[in-house]
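If you scroll down you'll find the structure; I have some questions about it.
The values are calculated or read from the model by the stated rules, or taken from the named source; none is laboratory data. Quick caveat, the model's predicted, so the values are computed rather than measured. Cβ coordinates were reconstructed from backbone atoms using ideal geometry, including for glycine residues, and neighbour counts include every protein chain displayed. Protein only, heavy atoms only, side chains kept; ligands, DNA and RNA dropped before computing areas. Shrake-Rupley method; radii C 1.70, N 1.55, O 1.52, S 1.80 Å.
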Amino acid sequence: MKNLLIATLLSYSMFSFSQIIEEEINLSNAEIAIPGTLTYPETKNKVPLVIFIHGSGNPDRDGNQEGTPMQSSYIKALADSLNNHKIAFYRYDKRSARSENFDKLEDVTVLDFVADAKVAIAHFKNDPRFSGIHLIGHSQGSLIAMLAVNEDITSLISMAGAGQTIDKIMVQQIYAQNPEFGKLVEEHFQELMTKGSIATVDPNLVTMFPPQIQNFYKTWASIDPQKEIKKLQIPILILNGDKDIQVDITNAQNLKVAQPEATLMIIPNMNHIMKEEDDQVTGLESYFDPKYPISPKMIATILQFISQ
């Protein structure tokens, strides 16, 4: 009985040592709801805080998109991994993931996403539990994070971020699949950027350039990530996976050229959503199922960077 009690107490002690505290944070940007989840290890010491800024589409705080097969929970997996190494993590629903915001998204631009990120930063900037705020911007969120950096930010991690303007990336992606369509996309962007709208959208591209999204593209394409990262004077880590089929490693290399002081790491076998691919895990299957692990090499790289 005594041995059982000792074993029970030891088990409880080990659990308490690694206990993760979770808080629901109901933030808003004016009328826009952007609630999120803060998780952090139970400790009396200050710990670093990561604020995660999501990519394009409509991801929630876990990295899933309601009503689609995209249910990989990659953001939550990253949070769990960093929490286990004594790093706090805040993740929030993108404004376009919340049904109560749908009627307020008509004129949204990437600058609104920057404003949302700044709301989160402002909420935590004076929190005595944290030793510093580190932004992780993923995909589109890389550019958003660059634009959100202020004096309250300790460091920036660009994860699968674009290394050129979005119009050039989209033209390249479409051209690789169909050169004729790629040329049309290029012409449409030229008209959009010079005239502010596209008078007549090619019938093959109406789903890409509907009238309600044209201003969003125009604003996004007007912001050059190479120019933005060059302005920053904080520690920067640039990460990209060599299995990323959405944002290839030349983008990370372009960002490194623009900001030579940044640290560049190409993560072997990591795809766009930070999952590790191997002989058994390839293609898009890891996008649809949370059981596939995120890259341990990526985690180790982030831990080393934040601890510096």
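Any residue at all in region 196-215 that is in contact with a helix residue (DSSP H, G or I) (Cβ under 8 Å, 6 or more places away or on another chain) and touching a residue at least 40 places away in the same chain (Cβ under 8 Å)?
Of all residues in region 196-215, those in contact with a helix residue (DSSP H, G or I) (Cβ under 8 Å, 6 or more places away or on another chain) come to 196-199, 201-202, 204-205, 208-209, 214.
Going one step further and asking which of them are touching a residue at least 40 places away in the same chain (Cβ under 8 Å), we end up with none.
The answer is no, given that none of the residues of region 196-215 is in contact with a helix residue (DSSP H, G or I) (Cβ under 8 Å, 6 or more places away or on another chain) and touching a residue at least 40 places away in the same chain (Cβ under 8 Å).
Considering only residues that are buried (at least 20 other Cβ atoms within 10 Å of the Cβ) and farther than 12 Å from P268 by Cα, which ones fall in region 236-255?
I236, L237, I238, V247, N251, A252, L255
A follow-up question, please. Can you name the residue in region 81-116 that is of a type in the set (D, E) and assigned to a helix (DSSP H, G or I) and, of all such residues, is most open to solvent (accessible area, probe 1.4 Å)?
Only one residue fits best here, namely D103.
So I198 clears everything in (1) under 30 Å from S295 (Cβ atoms); (2) assigned to a loop (DSSP other than H, G, I, E, B); (3) touching a Leu at 6+ places or on another chain (Cβ under 7 Å) except one condition, right? Which one?
For I198, the failing item is (1).
With within 17 Å of N84 (Cα to Cα), among the hydroxyl-bearing types (S, T, Y) and at pLDDT 85 or above as the only criterion, which of T37, T68 stands out? Full working, then the answer.
Values: T68 fails: within 17 Å of N84 (Cα to Cα).
Unique residue meeting the criteria: T37.
Among the residues of region 143-195, how many are part of a helix (DSSP H, G or I) and touching a Pro at 6+ places or on another chain (Cβ under 6 Å)? Give the derivation first.
Initial filter on region 143-195 (part of a helix (DSSP H, G or I)): 143-148, 166-177, 179-195.
From the residues that got through so far, the ones that are touching a Pro at 6+ places or on another chain (Cβ under 6 Å) too are 143.
The total comes to 1.
Residue by residue through region 135-170, note down the ones that are among the hydrophobic types (A, V, I, L, M, F, W, C), in contact with an Asp or Glu (Cβ under 8 Å, 6 or more places away or on another chain) and within 15 Å of K227 (Cβ to Cβ).
L143, M146, L147
Continuing with the same structure: Please find, among G163, G141, the residue that is closer than 22 Å to M270 by Cα, over 13 Å from the mean Cα position of the chain (by Cα), surrounded by 18 or more Cβ atoms within 10 Å (Cβ to Cβ) and of a type outside the set (D, E, K, R).
Values: G141 fails: over 13 Å from the mean Cα position of the chain (by Cα).
From the options G163, G141, the qualifying one is G163.
Listed residues K297, K218, K230; which is at pLDDT 95 or above, touching a helix residue (DSSP H, G or I) at 6+ places or on another chain (Cβ under 8 Å), open to solvent by 70 Å² or more (accessible area, probe 1.4 Å) and of a type in the set (D, E, K, R)?
K230
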